[in-house]
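Q: First the structure, then my questions, so here it is.
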Amino acid sequence: MASGGDDVETLRFLTPKDCVAVKEKFGTPTYVYDLARLQEQATKAKAFPNAFGLTVRYAMKASPNAAILKVFRKAGLHIDASSGYEVHRAVKAGFQYDQISLSTQEFPDFFPELVDKGLKVNACSLSQLEAYGIMFPGAKVGLRFNPGLGSGGTGKTNVGGPSSSFGIWHELLPEAKEIVERHGLIVDRIHTHIGSGSDPAVWQKTSGMSLDLCRQFPTVETLNLGGGYKVGRMSYEKSTDLQVVGSPVKELFQKFAEETGRELKLEIEPGTFLLANSCAVVCTVQDKVKTSDDADGHVFLKLDAGMTEVLRPSLYAAQHPLVTVSAAGELPKEHASYVVVGHCCESGDLMTPTPDDAEGIAERTMGAVDIGDLLVVEGAGAYCAGMSSKNYNSFPEAPEVMKGADGTMHLIRQKQTLEQILVNEVELPDAAC
Ligand SMILES: *Cc1c(COP(=O)(O)O)cnc(C)c1O
């Protein structure tokens, strides 16, 4: 399996002293986002090669905090929402309905009012298309297709091909056309999104297949190619260069225009690309235990965080850089190998899974530390704060902080209180038990 060997990872945007300051001010664990990196990634996304215009939509499920939405709104990005609830959240953060595109697995019961206010919708299945047509005959609609090919960093993040339920299967095109015609719908957008962490070559190939779908609908004005741009979190992993994957796609759009006279606009929907390396979780090593001295034994670092903050290692065997810092704010000079685990009572709460096997434990080399020292989980911007196993073991939601341009640490979400965890519980009457 791909491995960087024993390369010790380094802090990305925090200094060792920053980590101590975060702990003193906000406690641990705390998510720290870096404003400069968020803005830098937004600038790169807006430079995506395009022939006839580009809209960049932030796939807000990657991290939906209002402060992050605000940074991207000010950077000129629009929104890709994955649920009706996300649409409400984006609107609360200042986006207009018509700046939001919804591609969802489930229409909420309040769906019609969102569409009335201008929300753009991609129908993601034939039954969604039928329901939309009944509600809004004659309206504009986007169609999300499964182009028959997928690619993701893991099976769980591959959302194209015959094993994926996302989008209208490309061979069901005649059925989709029939529904469109029957309700007088106007298909103005085609959408494909094949996975997170996609292979650039597969991504480019599906772009060509998506353009072919645009030929089938003369009313299409925009092609949305989704997100999925691969980002290396570990120092040995490669990131997709948007200029490299985008240039051939721009040429395909130009060729399409020469052939058809139609100048299609491009939309992309990055989540990971914008967020992945723009956040770190500062944790404390709250225990250190060892098992057998034999070859099968390990030294374990137990964090005051875990799958309640960063679920990706448990879910996908994702590799996140782990960097230790002494309690005094120094990088340790000695190195040691540890298995790093979270604070939940289950062995699946593991920060150092074997690559490709969430159940296999692997040792990682890092600066030698003891109880009370700090450990920083890097690469924790995308699908961490927004995708944790929240309140498992009744641990409260960790605070989120934004490191500003001048280094100021702005609190953007408070640590959850016990009262907030319990707020929706309703007491069972004594008489009932
Ligand atoms: C999740 C998602 C994205 C973003 O994917 P990333 O891998 O984070 O870039 C974009 N579009 C849709 C429809 C999605 O579901």
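The values are calculated or read from the model by the stated rules, or taken from the named source; none is laboratory data. These numbers were taken from a predicted model, which means no experiment stands behind them. Note: ideal-geometry Cβ built from the backbone for every residue, glycine included; neighbour counts use all protein chains shown. All accessible areas refer to the heavy atoms of the entire protein, side chains included, with ligands and DNA or RNA removed. Shrake-Rupley method; radii C 1.70, N 1.55, O 1.52, S 1.80 Å.
Q: Might you check whether a residue that is more than 16 Å from the ligand (Cβ to nearest atom), touching a residue at least 24 places away in the same chain (Cβ under 8 Å), open to solvent by 10 Å² or more (accessible area, probe 1.4 Å) and β-branched (Val, Ile, Thr) occurs anywhere in segment 26-48?
A: Checked against the condition, which is being more than 16 Å from the ligand (Cβ to nearest atom), touching a residue at least 24 places away in the same chain (Cβ under 8 Å), open to solvent by 10 Å² or more (accessible area, probe 1.4 Å) and β-branched (Val, Ile, Thr), segment 26-48 yields at least one hit.
Q: Looking at (1) assigned by TED's automatic domain parsing to the domain that holds THR157; (2) in contact with a strand residue (DSSP E or B) (Cβ under 9 Å, 6 or more places away or on another chain); (3) touching a residue at least 60 places away in the same chain (Cβ under 8 Å), which is the only condition GLU309 fails?
A: Only one criterion is unmet by GLU309, namely (1).
Q: Please work out which one of (1) farther than 19 Å from SER101 by Cα; (2) open to solvent by less than 30 Å² (accessible area, probe 1.4 Å); (3) assigned to a helix (DSSP H, G or I) is the condition GLY148 fails and give its number.
A: (3)
Q: Related question: Give the residue, chosen from THR10, THR104, that is within 15 Å of the ligand (Cβ to nearest atom) and assigned to a loop (DSSP other than H, G, I, E, B).
A: THR104
Q: Moving on. From the list GLU130, GLU86, which one is in a helix (DSSP H, G or I), modelled with pLDDT of 95 or more and within 12 Å of the ligand (Cβ to nearest atom)?
A: Of the residues listed, the single one that is in a helix (DSSP H, G or I), modelled with pLDDT of 95 or more and within 12 Å of the ligand (Cβ to nearest atom) is GLU86.
Q: Okay, moving on. Somewhere in segment 277-290, is a residue assigned by TED's automatic domain parsing to the domain that holds GLU359 and out of contact with any strand residue (DSSP E or B) (no Cβ under 9 Å at 6 or more places or on another chain)?
A: No, segment 277-290 has no match at all.
Q: Between residues in segment 74-94 that are closer than 15 Å to LEU274 by Cβ and residues that are among the acidic types (Asp, Glu) and buried (at least 18 other Cβ atoms within 10 Å of the Cβ), which pairs lie under 7 Å by C-beta distance while being six or more apart or on different chains?
A: These pairs meet every condition: ASP80/GLU269.
Q: Would you pick out the residues in segment 402-433 that are outside any loop (DSSP other than H, G, I, E, B) and either open to solvent by less than 100 Å² (accessible area, probe 1.4 Å) or of a type in the set (Ser, Thr, Tyr) (or both)? Reasoning before the result, please.
A: Here is the first cut: in segment 402-433, the ones outside any loop (DSSP other than H, G, I, E, B) are 402-403, 409-413, 418-422, 430-432.
Result: MET402, LYS403, MET409, HIS410, LEU411, ILE412, ARG413, GLN420, ILE421, LEU422, ALA432.
Q: For residues in segment 49-67 being more than 13 Å from the ligand (Cβ to nearest atom) and in a helix (DSSP H, G or I), which is most open to solvent (accessible area, probe 1.4 Å)?
A: Selected residue: ALA66.
Q: Picking from GLU237, GLU269, GLU259, GLU251, which residue would you name as being within 12 Å of the ligand (Cβ to nearest atom) and either over 30 Å from GLY27 (Cα atoms) or in contact (Cβ under 8 Å) with a residue 12 or more places away in the chain (or both)?
A: Going through GLU237, GLU269, GLU259, GLU251 in turn, just one is within 12 Å of the ligand (Cβ to nearest atom) and either over 30 Å from GLY27 (Cα atoms) or in contact (Cβ under 8 Å) with a residue 12 or more places away in the chain (or both): GLU269.
Q: So, one more: Give me the strands (runs of 3 or more DSSP E) completely within segment 273-336, filtered to those with at least 1 residues that are open to solvent by less than 10 Å² (accessible area, probe 1.4 Å) and within 16 Å of the ligand (Cβ to nearest atom), ordered by residue number. Show your work before the answer.
A: Details: elements: 279-290, 299-303, 322-325.
Fully inside segment 273-336 and qualifying: 279-290.
Q: Take ASP188 and tell me if it is in contact (Cβ under 8 Å) with a residue 12 or more places away in the chain, more than 16 Å from the ligand (Cβ to nearest atom) and assigned to a helix (DSSP H, G or I).
A: Spelling it out, it is not the case that ASP188 is in contact (Cβ under 8 Å) with a residue 12 or more places away in the chain, more than 16 Å from the ligand (Cβ to nearest atom) and assigned to a helix (DSSP H, G or I).
Q: Now for a different question. Inspect all residues belonging to segment 25-43 and state whether any of them is farther than 30 Å from LYS415 by Cβ and in a helix (DSSP H, G or I).
A: Checking segment 25-43: at least one residue is farther than 30 Å from LYS415 by Cβ and in a helix (DSSP H, G or I).
To keep it simple, each residue is scored yes or no on (1) among the aromatic types (Phe, Trp, Tyr); (2) more than 21 Å from LEU185 (Cβ to Cβ); (3) in contact with a strand residue (DSSP E or B) (Cβ under 6 Å, 6 or more places away or on another chain).
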| position | (1), (2), (3) |
| --- | --- |
| SER196 | no, yes, no |
| VAL202 | no, yes, no |
| GLY208 | no, yes, no |
| CYS214 | no, no, yes |
| PRO218 | no, no, no |
| LEU223 | no, no, yes |
| GLU237 | no, yes, no |
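Q: Taking into account only those residues within segment 347-401 that are acidic (Asp, Glu) and either in a loop (DSSP other than H, G, I, E, B) or touching a Phe, Trp or Tyr at 6+ places or on another chain (Cβ under 9 Å) (or both), which is nearest to GLY152 (Cα to Cα)?
A: ASP356
Q: To continue, here is another question. Are any of the residues in segment 220-233 away from the ligand (no atom under 13 Å from the Cβ), out of contact with any Asp or Glu (no Cβ under 7 Å at 6 or more places or on another chain) and either outside the structural domain of LEU149 (by TED's automatic domain parsing) or open to solvent by 20 Å² or more (accessible area, probe 1.4 Å) (or both)?
A: no
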